[in-house]
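Taking it in order: structure first as structure tokens, then the write-up.
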Amino acid sequence: MHLFQMPQEQYAHRSAMQSSEGPQVYKVGIYGWRKRCLYFFVLLLMILILVNLAMTIWILKVMNFTIDGMGNLRITEKGLKLEGDSEFLKPLYAKEIRSRPGNPLYFQSARNVTVNILNEKTKVLTRLVTGPQAVEAHSQKFEVKTTSGKLLFSADDNEVVVGAERLRVLGAEGTVFPKSIETPNVRADPFKELRLESPTRALVMEAPKGIEINAEAGSLEATCRTELRLESKDGEITLDSAKIKLPKLPQGLYSAAGSRQKIYELCVCPNGRLFLSQAGASSTCQINTSVCL
């Protein structure tokens, strides 16, 4: 009983002392310079948030950000739509590039514009380069067609085909062909002259079924420096005209020894064929049945 009463007495004593002293108050919080620093950092953070928000709104306003896109860039169901001029600093990969209906499409570059067609192994198959001095196309075959699909021009390693009905050359010096040319018809424009010329080499015209040279409203002139030769291996040469002139033939002088020389006389058959006959004191031309028939 003595051990149990001692704690009760001590507890009663302590309670009496606390009641006589009054309630004790403990201060909780940040005071002094720490409080001022905390308020300063909170104010600085609020200023940074306001500045960041203002900058974000300004960027959105300047770049014209909307729910449909940014600036001249619009996001549509079919892809991206650019309005106005656009500049690409790095490669552009796209499946299709086209302008708005009714407006042209421009490609502009300070040096050149290159279009490459690659295969699955990223190997260049076709290349189109438009530079400041030339336009180059690298491919196995180059074709130009009309809107209806008709071939106008085609070029490959073997041949160059011009599918137009007429090929006109407007150069003052004409056209130079280093090698042969094959064509069914060569003619000049109306009221223009046609000249086939080889300044330093020979000019050869070949055709398996014949060559026709026709001047319907003018004259035909053939001029050479040394010899002009008309030869027909299996057929004949026909000069069909009302008048045939040989104005510059040389004239020989008669001599008694001329009868012993091999001199011939030019004879004409009734059908226009020419043959030679041994010349004599008088004409020796007689109808030769083996020639004139």
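The values are calculated or read from the model by the stated rules, or taken from the named source; none is laboratory data. Everything numeric in this text was worked out from a predicted model, so none of it was measured. Please note: Cβ atoms are built from the backbone with ideal geometry, for glycine as well, and neighbour counts cover all protein chains shown. Please note that ligands, DNA and RNA were not included when accessible areas were found on the heavy atoms of the full protein model with its side chains. Shrake-Rupley method; radii C 1.70, N 1.55, O 1.52, S 1.80 Å.
Restricting the first member to segment 231-260 and to residues that are assigned to a loop (DSSP other than H, G, I, E, B), and the second to residues that are at pLDDT 80 or above, the beta-carbon pairs closer than 7 Å and six or more apart or on different chains are 237/230.
Of all residues in segment 52-64, those that are of a type outside the set (A, V, I, L, M) have Cβ atoms under 9 Å from Cβ atoms of residues that are not in a helix (DSSP H, G or I), 6 or more apart or on another chain, in 64/70; 64/71; 64/72. Only one of the listed residues (17, 55, 6) is on the phi < 0 side of the Ramachandran plot and either in contact with a Phe, Trp or Tyr (Cβ under 6 Å, 6 or more places away or on another chain) or at pLDDT 70 or above (or both). That residue is 55. In segment 187-197, the condition of being modelled with pLDDT of 80 or more and either among the charged types (D, E, K, R) or loosely packed, with under 10 Cβ neighbours inside 10 Å (or both) is met by no residue.
Applying the criterion of being open to solvent by 80 Å² or more (accessible area, probe 1.4 Å) and closer than 30 Å to residue 62 by Cα to the residues of segment 106-130, the residue that is farthest from the chain's Cα centre (by Cα) is 110. Residue 30 meets the conditions (1) part of a helix (DSSP H, G or I); (2) of a type in the set (A, V, I, L, M, F, W, C); (3) surrounded by 11 or more Cβ atoms within 10 Å (Cβ to Cβ) in every case but one. The failed one is (1). Filtering segment 162-179 to residues that are open to solvent by less than 100 Å² (accessible area, probe 1.4 Å) and in a loop (DSSP other than H, G, I, E, B) leaves 163, 164, 169, 171, 174, 175. Residues that are among the hydrophobic types (A, V, I, L, M, F, W, C), loosely packed, with under 11 Cβ neighbours inside 10 Å and within 21 Å of residue 95 (Cα to Cα) within segment 53-82 comprise just one, 80. A Cβ distance below 7 Å, combined with a sequence gap of six or more or placement on separate chains, defines the contacts here; from segment 271-283, residues that are aromatic (Phe, Trp, Tyr) reach residues that are part of a strand (DSSP E or B) in the pairs 275/267.
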